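Report on the structure given below.
The values are calculated or read from the model by the stated rules, or taken from the named source; none is laboratory data. None of these values were measured; they are calculated from a predicted model. Backbone-built Cβ (ideal geometry, glycine too); neighbour counts: all protein chains shown.
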Amino acid sequence: MAQVAKRFGVGVASVMRWIKTPDPKTTRNKPATKINMEMLAQD
């Protein structure tokens, strides 16, 4: 596992997750968030 992770430049946990579920996720359980630039400028 460590050799594969090093070869692809990812963590060992990512390799294990890909082995467990090789198909990519197509949906998310939460909506995409967009940064409010006006609120950011006030900080």
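Here are some notes:
- When the residues of the stretch 1-38 are filtered to those that are exposed (fewer than 10 other Cβ atoms within 10 Å of the Cβ) and of a type in the set (Gly, Ala, Ser), the one that is modelled with the lowest pLDDT is Ala32.
- So Ala41, is it free of Cβ contacts under 8 Å to residues at least 40 places away in the same chain and either in contact with a helix residue (DSSP H, G or I) (Cβ under 8 Å, 6 or more places away or on another chain) or surrounded by 10 or more Cβ atoms within 10 Å (Cβ to Cβ) (or both): no
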